[in-house]
Amino acid sequence: MNTILETSLRTIIGFTVLLILTRLLGKKQLGQLTIFTYITGIAMGNIAGDMVVHRDIKLIDGIAGLVMWAILTFIVELISLKSSKARVLLDGEPTIVIKKGVIIQKALSAHRLNMDDLTMMLRVNNIFSIKDVDYAILEPNGQLSVLKKPELETPTKKDMLVKSDDRRYIPTEIIVDGKLVEKNLKELNLSAHWLDQRIKQAGLNSVKDVFFAELQSDGSLYVSKETKS
């Protein structure tokens with residue numbers, strides 16, 4: 001019983017410390033998964049895991065290891081933020097793999113990519129034929145950025161001389177799971193009275209009757225009714 005309690009306590013502490021440190025390191029750890037951030041994530045996960053299951057490792061030693069690794073990661077990322085050379089060294093740099101419609105075989109070989117890999121990455125970008133590609137760039141996070149040939153690019157409203165309406169708002173959640181998101185309403189400079197009017201226009205009585213509501217870019221409100229189970 002004591003073993004289970006100790007493991008549970010170490011797990012809770014390790015989880016909490018890892019969560020706090022991940023939040024402090026910022027969203028780059030998730031949003032821009034480069035080689036460095038990938039290794040950092042694995043290392044911190046291993047330290048936390050060892051701290052939980054190996055009782056010969058003192059709890060304070062495990063926490064110290066996690067904190068020190070996080071500090072070193074923060075310092076390295078700060079250096080890469082200030083120095084372009086350090087950024088290239090840590091994260092790598094974009095590589096052109098298709099240039100003016102021509103596949104750069106040397107670039108593919110350097111990154112150990114074969115044609116199956118390349119065509120798969122193109123399909124992810126909704127491109128099913130290499131002949132449609134003008135440029136393709138392999139990013140440091142492993143994703144492929146693609147520029148189609150000019151004649152295949154989607155025309156914009158500007159190209160078609162179509163007048164576009166000004167966007168008054170960014171689509172924003174106002175009510176989620178039947179609960180008012182007051183912070184969003186305040187940031188948009190909208191009042192509760194305005195919201196009540198829009199809800200009544202949708203044929204409902206109050207916020208309690210709404211499951212989800214989203215402000216649209218033109219100022220209208222999309223409303224989904226709460227269904228009683």
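Return the label of the correct value of log10 I(q)/I(0) by the Debye sum over Cα atoms at q = 0.11, 0.16, 0.18 Å⁻¹, as calculated from the structure shown, out of [x] -1.00, -1.03, -1.09; [y] -0.64, -1.07, -1.24; [z] -0.56, -1.14, -1.37. The value matching this structure is [x]. Along its first, second and third principal axes, ordered by size, the stretch 68-162 spans 53, 38, 20 Å in Cα coordinates.
Using the count of nearby Cβ atoms within 10 Å as a rough guide to exposure, how do 190, 19 rank from fewest to most? Walk me through the numbers before you get to the answer.
Details: 190 18, 19 11.
Listed from fewest to most nearby Cβ atoms, that is 19, 190.
Tell me, how many Å apart are the Cα centres for the stretch 8-27 and for the stretch 96-163? Measuring centre to centre over Cα atoms gives 39 Å. Shape descriptor for the stretch 2-89: Rg over Rh equals 1.06 (Cα atoms; Rh from the Kirkwood inverse mean 1/r).
Taking each of 58/85; 106/148; 85/148; 163/186 in turn, the alpha-carbon distance tops 27 angstrom for 58/85; 85/148; 163/186. Counting Cα-Cα pairs of the stretch 167-229 in 5 Å increments starting at 0 gives whole-percent bin shares of 4, 20, 33, 27, 12, 3, 1, 0. Counted without the sites themselves, the longest stretch of the chain free of chymotrypsin sites (Phe, Trp or Tyr not before Pro) in a DSSP loop having at most 15 other beta carbon atoms within 10 Å is 1-127.
Do any of 99/149; 131/157; 200/225; 100/157; 179/208 go past 19 Å between their Cα atoms, and which?
Numbers: 99/149 11 Å; 131/157 26 Å; 200/225 12 Å; 100/157 26 Å; 179/208 8 Å.
131/157; 100/157, as the Cα separations exceed 19 Å there.
Listed from fewest to most Cβ neighbours within 10 Å, the set 47, 75, 137 follows the order 75, 137, 47. Each residue of the stretch 145-150 is assigned a 3J(HN,Hα), and the resulting list reads 9, 10, 10, 6, 5, x Hz, derived from the Karplus form 6.51 cos²θ - 1.76 cosθ + 1.60 (θ = phi - 60°), x at Gly and Pro.
Remark: the stretch 83-98, residue by residue, has Karplus-estimated 3J(HN,Hα) of 10, 5, 5, 5, 5, 5, 5, 7, 9, x, 9, x, 10, 6, 10, 9 Hz, where x stands for each Gly or Pro and the curve is 6.51 cos²θ - 1.76 cosθ + 1.60 at θ = phi - 60°. Between residue 226 and residue 83, full extension at 0.36 nm per residue minus the direct alpha carbon distance yields a gain of 46.2 nm.
Every number here is computed from the coordinates shown, using simple stated rules; none is lab data. Everything numeric in this text was worked out from a predicted model, so none of it was measured. FYI the Cβ positions are ideal-geometry reconstructions off the backbone, even for glycines, and counts take in every protein chain you see.
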